[in-house]
1. Whats the longest run of the chain with zero trypsin sites (Lys or Arg not before Pro) that are DSSP loop and have at most 16 other Cβ atoms within 10 Å?
2. If each DSSP helix of 4+ residues adds -39,500 (n - 2.57) and the sum is divided by the residues in the chain, what number results at 222 nm, nearest 500 deg cm²/dmol?
3. Counting only protein heavy atoms and using a 1.4 Å probe, what share of the accessible area of the chain belongs to carbon plus sulfur, as a whole percent?
4. Top mean-square fluctuation among Gln34, Gln75, Gln22, Gaussian network model of the chain, C-alpha springs under 10 Å?
5. Which of rounded, prolate, oblate describes segment 25-89, given a ≥ b ≥ c as roots of the alpha-carbon gyration tensor eigenvalues and a/c under 1.5 marking rounded, otherwise prolate only if a/b is larger than b/c?
6. Given a 1.4 Å probe, how much area per residue of the chain is accessible, in Å²?
7. How large is the accessible surface of Val18 in square angstrom, using a 1.4 angstrom probe and rounding to the nearest 10?
Amino acid sequence: MTVEERLEKIENLLVVLVERQQVREWYSTEQVAQILGKAEFTVREWCRLGRLKAEKRNSGRGSYPAWTISHLEIQRYYREGLMPSRRPA
């Protein structure tokens, strides 16, 4: 197999991977942690402290709502970083 054939095969695989990646409207803290390469605890704390804009929604896992983060907020985080904490020191 030539280098050109190998590169073409790699490009085709990348196209398949990009097509398979879904953009969701809302993400769980676990999903956001994987996307950002952070611990889930860290993402939950950022939500609790107001460093990420998040909403509490019923998750279907009991009577306690879970934090959810929008796709737009993840994009904002990539552009601008964390927001200042809303809680006093």
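The values are calculated or read from the model by the stated rules, or taken from the named source; none is laboratory data. Here the structure is a predicted model, which means the values were calculated and not measured. A quick note on method: Cβ atoms are made from the backbone with ideal geometry, for glycine too, and the neighbour counts reach across all protein chains shown. Quick note on the areas: whole protein, heavy atoms, side chains included, nothing else; ligands and nucleic acids left out. Shrake-Rupley method; radii C 1.70, N 1.55, O 1.52, S 1.80 Å.
1. 62-85
2. So the calculated ellipticity at 222 nm is -16000 deg cm²/dmol.
3. Working: 3780 of 7270 Å².
Solvent-exposed carbon and sulfur of the chain make up 52 percent of the total.
4. In this elastic network of the chain, the residue with the biggest mean-square fluctuation among Gln34, Gln75, Gln22 is Gln22.
5. The shape class here is oblate.
6. 82
7. Roughly 100 Å² of Val18 is accessible to a 1.4 Å probe.
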